[in-house]
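The values are calculated or read from the model by the stated rules, or taken from the named source; none is laboratory data. As the structure is a computational prediction, the values presented were derived from the model and not from experiment. Glycine also receives a Cβ, built like all others from the backbone with ideal geometry; neighbour counts cover every protein chain displayed.
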Amino acid sequence: MRTLFILLIAFATITVKAQTITENMIIGTWLTDGGKAKVQIYKSGERYNGKIVWLKTPNYEDGTPKIDKNNPDKNRQKDPILGLNLLKGFVFDEDQWEDGTIYDPENGKTYLCKITYNKGGWLQVRGFIGVSLIGRTQTWYKVGDVK
C-alpha cells in the first residue's frame, strides 16, 4: 500500500512538471484580485492585451456609466471604465508574458508589467516601476467568459 501511495505521488509530481506553459494559456477571462473586475485577455497580432468586461460594483453612478476620471489625459477622463483596455503590448517569452503595461484606473497611472501563469491555473500579474523588485503582484483567477 505504501509503495502504491509513493507511486501515485511520483506520478502526480511528474504530471504537474510535465505541464508546459504555452503562449495562449493567458487568453480568456480572469477575475482580478479582490474580485472587483473581470478582464478579458486576447491576442492582437503578436501581442496580448486585456480589457475590462465586468465590474463588481454597478457600472453606473447616478445613471451615467463609471468613467476613467483619474486618467492623466483630460481627453480620456470621460471614457467608460467598462471596456477599458488596461493590459497592453505583452509578448510571450518562454514561461511568462512581458514587455507590457498595466493601467490602474483607480489612480490613473500606467506601470510596466509582467504576467506569470501558475501551473495551478491562475495568473500572477506584477505591476512595477523600473525594475520588478519595486512593485505589487496580484493573483487573477480564470472564470467563464462574459457574454
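Could you tell me whether region 121-128 includes any residue that is loosely packed, with under 13 Cβ neighbours inside 10 Å and closer than 18 Å to GLY28 by Cβ? Yes, the conditions are met somewhere in region 121-128.
Scan (1) closer than 18 Å to LYS119 by Cα; (2) of a type outside the set (Val, Ile, Thr); (3) modelled with pLDDT of 95 or more; (4) loosely packed, with under 14 Cβ neighbours inside 10 Å for the single condition LEU31 breaks and write down its number. Failing condition for LEU31: (4). Put simply, of PRO65, PRO58 the only residue that is surrounded by fewer than 16 Cβ atoms within 10 Å (Cβ to Cβ), in contact with a strand residue (DSSP E or B) (Cβ under 7 Å, 6 or more places away or on another chain) and not polar (S, T, N, Q) is PRO65.
When every residue of region 88-97 is checked against the conditions, none turns out to be out of contact with any helix residue (DSSP H, G or I) (no Cβ under 8 Å at 6 or more places or on another chain), farther than 24 Å from ILE26 by Cβ and among the small types (Gly, Ala, Ser). The set of residues in region 111-120 being without any contact (Cβ under 8 Å) to a residue 60 or more places away in the chain and loosely packed, with under 15 Cβ neighbours inside 10 Å consists of ASN118, GLY120.
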